[in-house]
Amino acid sequence: MELEKHYTNRSGWLRAAVLGANDGILSTTSLVIGVAAASDTRSPIVLAALAGLVAGALSMSAGEYVSVSSQSDIETADLNREQIELTTIPDDELKELANIYKARGLDSELAMQVAIQLTKHDGLEAHARDELGINEMTAPKPLQAALASGASFVSGGLLPMLVSLFAPIKYMVIYQYSFAIVFLALSGIVAAEAGGSNMVKSIIRICFWGTIAMGITATVGYIFGVKHS
Ligand SMILES: [Zn+2]
C-alpha cells in the first residue's frame with residue numbers, strides 16, 4: 001500500500017535546512033564576490049570565504065538556538081499553567097476539553113465521555129495536544145535546531161569556499177555567481193519537491209533574489225576596488 005505522504009512532519013527541520021543552505025550559499029558568496037571584485041590576489045578571497053562561513057554558521061546556530069529556546073520556554077510555561085488549572089479548577093478544565101471535542105463535531109454526551117476518559121488517562125497530555133496544540137512531534141528542540149541550521153549553513157557555504165580555492169582569479173566573480181545560481185536553483189528544487197510546492201516559482205524566486213544580493217555586493221566591491229587601485 002502506497003504510504004500516505006504527509007509534508008507537515010518534514011516541514012520543521014526541512015525549512016531550517018533549506019533556509020540554512022541557501023543562507024550559506026548566498027551570504028558567503030555575496031561576501032566573497034564583494035572581496036573578489038576589489039582584489040586581484042587569492043588569499044583575501046579565501047580568507048573572506050572562511051570568515052563568512054564560520055561567522056555565518058555560528059550566528060545562524062546561535063540565532064536558531066535562542067529563538068527555538070524561547071519557543072520552548074513559552075510551551076513549558078503554558079504546560080505549567082495548564083497543570084495548575086487541572087489541579088485547581090478540574091471541573092472547568094473538563095468542560096473546556098469537552099467543548100473542544102464538541103466543536104470538532106462530537107455530540108455533547110460523547111464529547112464529555114471522551115474528555116473524562118482522556119483526562120483519566122493523562123489530563124495534561126490531552127489539554128496540551130487538543131487545547132494548546134503542543135505535541136511530541138512538534139516540540140521545539142533548541143540544540144537539534146541549532147545544529148541543523150549551523151550544519152546546513154556550512155553545507156551551503158562550502159561551495160563559495162571551494163570555488164575561491166580553485167577558480168581562476170580573473171574570472172572569480174563570474175565563477176562564484178554561476179556556481180551559486182546553479183546550487184540555489186538545486187536547493188529551490190529540493191524545497192519545492194519536499195514541500196509539495198510549485199518548482200518553477202521556487203527556482204525563479206531564489207535565483208532572482210540571489211542575483212539581486214550578489215549584484216549589489218559585487219557593485220560595492222567594484223566601487224571599493226576602483227577607489228583603492
Ligand atoms: Zn485547559
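The values are calculated or read from the model by the stated rules, or taken from the named source; none is laboratory data. Model, not experiment: these values are computed from the prediction. Note: ideal-geometry Cβ built from the backbone for every residue, glycine included; neighbour counts use all protein chains shown. Quick note on the areas: whole protein, heavy atoms, side chains included, nothing else; ligands and nucleic acids left out. Shrake-Rupley method; radii C 1.70, N 1.55, O 1.52, S 1.80 Å.
Of all aspartates and glutamates in the structure, the ones whose alpha carbon falls short of 17 Å from that of residue 102, not counting any fewer than 8 places away in one chain, are 91, 92, 93, 130, 131. For the chain, the solvent-accessible area of protein heavy atoms averages 60 Å² per residue (probe radius 1.4 Å; ligands and nucleic acids excluded). Hydrophobic long helices, here whole DSSP H runs in the chain with Kyte-Doolittle means of at least -1.0 and Cα atoms spread over 30 Å or more along the helix axis, are found at 8-38, 42-88, 142-166, 172-195, 199-228. Positive end of the dipole of the chain (Cβ unit charges, origin at the Cα centre): among 151, 195, 71, the Cα lying farthest that way belongs to 151.
For the chain, the carbon plus sulfur part of the accessible surface works out to 67%, probe radius 1.4 Å. The smallest convex shape that holds all Cα atoms of the chain, its convex hull, gives 163 Å³ per residue. Taken over segment 51-130, the convex hull of the Cα atoms encloses 100 Å³ per residue.
Highest-first packing order for the peptide set 185-196, 29-40 is 29-40, 185-196, based on the mean count of other beta carbon atoms within 10 Å.
Partner aspartates and glutamates whose Cα lies under 20 Å from the Cα of residue 170, excluding those fewer than 8 positions away in the same chain, are identified as 40.
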